[in-house]
1. Take the residues of region D:179-203 that are among the aliphatic types (A, V, I, L, M) and not in a helix (DSSP H, G or I): which is surrounded by the fewest Cβ atoms within 10 Å (Cβ to Cβ)?
2. Working only within region D:205-231, note down all residues that are open to solvent by 10 Å² or more (accessible area, probe 1.4 Å) and more than 14 Å from chain C (Cβ to nearest Cβ).
3. Check every one of the strands (runs of 3 or more DSSP E) wholly within region A:62-161 and list those with 2 or more residues that are of a type outside the set (Val, Ile, Thr).
4. Any residue in region C:144-168 that is free of Cβ contacts under 8 Å to residues at least 40 places away in the same chain sitting within a Cβ distance under 9 Å of a residue that is of a type in the set (Phe, Trp, Tyr)? List the pairs, counting only those 6 or more apart or interchain.
5. B:ARG325: in contact with a helix residue (DSSP H, G or I) (Cβ under 6 Å, 6 or more places away or on another chain) and of a type in the set (Lys, Arg), yes or no?
6. Out of the residues in region C:295-333 that are within 14 Å of chain B (Cβ to nearest Cβ) and over 14 Å from C:LEU99 (Cβ atoms), which is least open to solvent (accessible area, probe 1.4 Å)?
7. Which one of these does D:GLY141 not meet: (1) crowded, with 16+ Cβ neighbours inside 10 Å; (2) within 12 Å of chain B (Cβ to nearest Cβ)?
8. Does B:ARG45 count as over 19 Å from the mean Cα position of the chain (by Cα), more than 19 Å from B:PRO114 (Cα to Cα) and part of a helix (DSSP H, G or I)?
Protein chains: 4
Amino acid sequence: LLRIALFGAGRIGAVHARSIAESRDAELAWICDPVEPSATALAGRHGGRASADPDEALADAAVDAVVIASATPTHIDLIRRSVDAGKKILCEKPISLDLAAIDRCWADIRDREPLLMLGFNRRFDASFREVHERVAAGEIGTLRTLRITSRDPHPPPAAYLATSGGMFRDMTIHDFDMAGYFLGDVVEVSAMATTNGDALFEDARDHAQAVVTMRAASGALCTIVNSRTCAFGYDQRLEAFGDLGSLEVTNQTATSVQASDGTRTGATDRYVDFFLERYAAAYRAELAEFLAAISEGRPPAVGFSDGRRAQALAEAAIESVASGRPVQPQPAP
Amino acid sequence: LLRIALFGAGRIGAVHARSIAESRDAELAWICDPVEPSATALAGRHGGRASADPDEALADAAVDAVVIASATPTHIDLIRRSVDAGKKILCEKPISLDLAAIDRCWADIRDREPLLMLGFNRRFDASFREVHERVAAGEIGTLRTLRITSRDPHPPPAAYLATSGGMFRDMTIHDFDMAGYFLGDVVEVSAMATTNGDALFEDARDHAQAVVTMRAASGALCTIVNSRTCAFGYDQRLEAFGDLGSLEVTNQTATSVQASDGTRTGATDRYVDFFLERYAAAYRAELAEFLAAISEGRPPAVGFSDGRRAQALAEAAIESVASGRPVQPQPAP
Amino acid sequence: LLRIALFGAGRIGAVHARSIAESRDAELAWICDPVEPSATALAGRHGGRASADPDEALADAAVDAVVIASATPTHIDLIRRSVDAGKKILCEKPISLDLAAIDRCWADIRDREPLLMLGFNRRFDASFREVHERVAAGEIGTLRTLRITSRDPHPPPAAYLATSGGMFRDMTIHDFDMAGYFLGDVVEVSAMATTNGDALFEDARDHAQAVVTMRAASGALCTIVNSRTCAFGYDQRLEAFGDLGSLEVTNQTATSVQASDGTRTGATDRYVDFFLERYAAAYRAELAEFLAAISEGRPPAVGFSDGRRAQALAEAAIESVASGRPVQPQPAP
Amino acid sequence: LLRIALFGAGRIGAVHARSIAESRDAELAWICDPVEPSATALAGRHGGRASADPDEALADAAVDAVVIASATPTHIDLIRRSVDAGKKILCEKPISLDLAAIDRCWADIRDREPLLMLGFNRRFDASFREVHERVAAGEIGTLRTLRITSRDPHPPPAAYLATSGGMFRDMTIHDFDMAGYFLGDVVEVSAMATTNGDALFEDARDHAQAVVTMRAASGALCTIVNSRTCAFGYDQRLEAFGDLGSLEVTNQTATSVQASDGTRTGATDRYVDFFLERYAAAYRAELAEFLAAISEGRPPAVGFSDGRRAQALAEAAIESVASGRPVQPQPAP
C-alpha cells in the first residue's frame, strides 16, 4: 500500500481523498490544509491524519507520495519541497499562473528526475482516451483538424474568478492539454473572447466566451470553443477529423432515456453536470496511473512538460486577445 | 409515353395523379370517379379527360394501363374489366376485404397472365428497401426476428372506419406485406387488440391498438405493434435482427435540426406526418416500377399473390382476436 | 453498520459481496457456500468469515440480514430458515422454479411479516427507474403499449441451461417483472419460441429466441422480444407508449465515441456487455434500498409478491408455448 | 407564368433549368450559353430556345426575368445588361471575385432599384431556415457563438481550382453568407489554412483545409471549419449557441437505416453527397422565393448587399491568411 499525503481539502482535494480511500493500492496518510477544520473533516470521512502544516507530512518517512490539490499559488513551493523530501508527486493543474516561474522550478528540480505527474483528468476519460488511441492506430489517417468544445454549465463565483488567472489559464488549460495530447507542438495561437457584456466577467477582466484557433507543427489546425455558461449542462466534445474519417467524443447523459411527445422526438436528458460527475471515473483512473507509475518505476503518462506546454498555450492565447494578433507560444527553455 | 387511366380521384388518387403527371414516361389520359366534379378538378390540375364512367377509359384503345385507386369494394370488378380490356394494372391495397373473392378473381384472370401490380408503397421506400437488400445480401446472417412498428398520428374519421374493413385489413395490411416481404410464408398468427375504451373504436367494432405475433415457415418470429394514434407523428419503424447484427429503419423528421435547452438535449422535431409526406418518394418509385415493368415486359416487383398473402394474414389476425387463439393463415388455393 | 451474511459465492454472489464491502452502511459478516474454497476466496477479497454451512451464519445473533445468492433450488429453504432466525432477507430471483412451492412458502411465512426483498436488479437501474417515474407522473398520459427487448450477448453453457428452468424462468423473468412494474396485473400471456435449430437449445429443450405478448388488466398491451445471443452486445431496451408520447430506455455504450468513415457515419461502440457491467450501479442501488428499508423499518421496494407475479407469468408463457394458446397467469392464492 | 431566360448551361445551370421546368409559376423561355450545344441539349430536356448570345434573350420583351448561372467573370456584365433590359435577376454567387467591381456595379445600378436576388441556396434549406427562425423567435436567448462546418466530399479538379478564386471566395462564401444571415455585420476576421502538403492545392495556391474565426458587431463569435475533402460525405453543420440553449443543423443521410454488428452499433449511411442532392429542395425553394418576390413586387429574401457582404468577408479571410493577422472586412461604400 502506497501511503499518500494530500495537500488541499477543498473541492478537488475531496475528489482525490475519495479516490485514494477507495483504491486498493493506496491509503491516505495525511490531509493538510491551512484551514485545519477542513482537513480534519475530510480525514474523518476518508482516513489519514489532519494537519495545517504540509511539512509534518513531508517529514513523515512513511509517506511515499503527495497529491497537490491546494491553491494554485502554493503549487510550485510544494513541488519543490516534495522533491526535496523525495516524494513522488501528483500535482493538480495549473502548475502556476507564471510561465517563468514554471521554467525556473523545472530548471531547479529536473536533475533530481522527480516522478511528477500532472492532473489533467480528461486524459484518463475513457472516451477521450479511446479516440486518441484510435487516431494513433491510424483509423482516420492523417489528422487534419481537431475541434474541441468545452462549456461549463454555470459561471464560477466572482471570488473564484478573482484568483483563477482567467479563463485561458483556468478552464481552457484542459483544452490546451487536449490539443497538445493530439497534436504535439503548436506553433501559432489566435484567440477572440467576449464578456457577453456581463458585469461578472467585466469586473473580473475575464471572458464569458472564447474561441481559439491554433496551428500545430504538423500542419494540423485546431479550434477551441469555450463558454463559462451552458444551459444544457457540461458540454465536453471533441472531433478529430482526418483523411479517412472522423472520431468524435459526444456528450453524456446520466441515463439512456429518450422522450418523444407532441412537439419533440428523441429528447435526451440534460448533459451530466459537472466535472465531478462527468469525470468521476477519470479521476480514479488518473490516480491509478499515478500509483502504477510509482510501483513500476516509470514516468507517468502526463508529466511536468505537458503542464508547461498547456500553460504556454494559455499565455499565448492571453497575449493574442490583448494584442489582437496570432502569437507563437514560448518554447520551453 | 404510356397513357394511363386513373380510377378514383380521392386522397390516394390525387397522389397517383401527381406522380403520373410528373413522370417523364407516362401521361394521364383519363381520370374517372363516380363523383365527376372530383375527377374534373383533378384533371384540371394534372391533365387527362374526366369521366364518371370507367368504361369510357377502358374502351379507349390508346390507354395502356390503369391505376385503380377507387373505393375498395370496386377493386375486383375494375381488375376484371381492366384485364378484359387488356390493360396493365396497378391496384391499390387491399384487393378486397373478402379473401374468397380475391381467390375467385385470381382463378378467373390468372390464365390471362395479366401484368398486375399491387400498390404496397412501403416496398418502394428507400429505407425499407435498403434494409431488405442488405438482409438479402447476408449482412446480418440468418434473420431471426422481425419487429415492425406502425402508428398513425391521428385516428381516421368514424365514416372512414365504418367501411375500412377494420385495422388489420386497412392499416396492418402494410405491415403484413412487410412481414411477407422479409419472411416469406407465415404459418401462425396471434393477435391482441384493444379499443382503449374509446367510443370511436368501440362503435366501429374496431381497434385503437394491436399487437400481432407471427411465426414464419423459416422459423423466424415477427411482432407488429400498431396504434391508430401517435402523439409524436407517423411512427414507421422496422428492426431486422439476425445472427450477425441488426438493421433498423428509424423514423424521419422533415429537417435535421436538434435542440438542447435547460431540460432536454438533442431533441428532434415531430416525425413526418403523414403517409403522403413520409412516402412521397416511395409513391413516385412505385409508379416508376410499374412503368418499368410494362416497358420491359416483365412482372412487377409486387404482384397479385403478395396482395393475397397480406390479406390472408389480416384475416388470420381478425380470427385470432375473435377466437383468442393463434391461427394458421389460409393458404392460396 | 448492518451485518450481513451472504449465501452463495458464485458470479452473482461476488457482485453482492463487493456491493456490501463498498457500502458505508453494511459489512460482510459471513460468506457461506457449499464449495467452501469459493467462500474463503471471496471473503479474502471482501471480508467476512467463510463457511460451508449457512446455519453457522443464521445462528450468529450479530447477523442482521442475509443475501441469498445461492443456487435456485436452495432459495426457498434458505428463506424459511432465515425467517425462522429472524433475519431480513434479500433474495435473488427466481424464488423457485416451482410456483406451487412459492405459494406454500409464502403461506407459511406471511404471518411472520418478514422483511423480504427480491433482487430484480433492473428496477434499480437509473434509466428504467426514470422512465417508470415519468410514466407515473403522467408524462405520456395513459400507458397503452409497453415494449421490452432483452437479448443476451452470448448463450450460456449447456450445463447452465440444464438447471436454469428454461429461458422464461431464467432470463425473461426480468422482463416479466418489468411488465408487472409498469402494468400491474396481467390477464393473458401468449408466447412463441424457437431454437433456431441450434443443438444447444434443442438438447436443453430450451429456446434461442422468444416473443411474448401480454394483456394487462388495465387494457394495456405488452410485447417482449428475447434472444439468447446478440452480436452487438447486451440489448436492454424498453418503450412505454402512451396517449401523449413515449419514453424509451435505449442501449448504452462504455464511451460516447462516434466514428464516421467512407462507408458509415455516427457509429457507436458495441453495447455494454454484460449484465455485471450494464447493471453495476443498479446492483449497488438495490443493496442500498435493502439497507434503507431495514433501517427505516419499512417494506422494500420489491417484495415477495413481485417475485411470485413474475414467476406466474413465466409459467404462463411456458404453458402457452406448450399448448399453442394464450394462457391466463395463475393468480396468487 | 413568368418567362425566364437562363444564362449558363453548366452544372448549376442544369439545376435551375430543372427547377424552372418543374415550377407551376414559370417557364423556360431561353437558355443561353457560349457553348451553344450545351444550351441546346439542356433546352431539349427542359424547354426554351437555345442561343449562344444572351442579347437575344434580353431583347425578347416576353422575358420577365433572368437566372445568371454562367461563369463568374460574366456575372457583373450580365447583371448590368439585364438591369438595362428591365429584367428581374436571380444571380448565382459570387457576384464577382473583385470586391471593387462589385461596389462599382452597385453604384451604377442602385438607382434603378433592380429586383436582384443572390443564389445562396443554403438559406432556403429547411433545416438552416428553421434554426434561423427559432433563433429569431428567441428560443435560445441571445446568440453567443455560431459554429459552421462545411466540408466537401471530393476536391474539385485542378482546372476548376484555377479559376475559382480560391476556397474562401468559392466555397466558404456560403459559410460567410450563413454568418451574415445569423450574425449581421462582422467586424473582425481571422483565418488559418493549409494545403495538407497536397500538390493539387499547392499548385493552385489554394487551401485544403481552413478555419476562420469572426467577431460580429453584436459581440457574438463565429468559427468556420472547412475542408475540400471529407471521407464520410458532404459535411454541412451549424450550431447556434445562446444563453438558453443551442440549435443545431446535423448531417443528413439518404435513408433512416441504422446498422449494428459485432463491432459497431447505430451506424448510419454515408452523408448525402453532394450539394445537388443535399440541397435539391433548397434550389427549388430558392427559385420559388424569386418568383414570389417578382409576383408580389417586393425585394427578395437575399439581395445584392448579402452577396457583397459575404464577398467582403472572403476578401478579409484571404488577407488574414496572407498577413497572418485579423482583418476588418471592408464596409460597403
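The values are calculated or read from the model by the stated rules, or taken from the named source; none is laboratory data. Computed from a predicted structure; not experimentally measured. Backbone-built Cβ (ideal geometry, glycine too); neighbour counts: all protein chains shown. Please note that ligands, DNA and RNA were not included when accessible areas were found on the heavy atoms of the full protein model with its side chains. Shrake-Rupley method; radii C 1.70, N 1.55, O 1.52, S 1.80 Å.
1. Filtering region D:179-203 for residues that are among the aliphatic types (A, V, I, L, M) and not in a helix (DSSP H, G or I), the one surrounded by the fewest Cβ atoms within 10 Å (Cβ to Cβ) comes out as D:VAL187.
2. Matches in region D:205-231: D:ARG205, D:HIS207, D:ARG215, D:ALA217, D:SER218, D:GLY219.
3. A:88-92, A:116-119, A:143-151
4. From residues that are free of Cβ contacts under 8 Å to residues at least 40 places away in the same chain, there are no pairs.
5. Criteria not met by B:ARG325.
6. Filtering first and then ranking leaves C:SER320.
7. Among (1) crowded, with 16+ Cβ neighbours inside 10 Å; (2) within 12 Å of chain B (Cβ to nearest Cβ), the lone unmet condition for D:GLY141 is (1).
8. Answer is yes for this residue.
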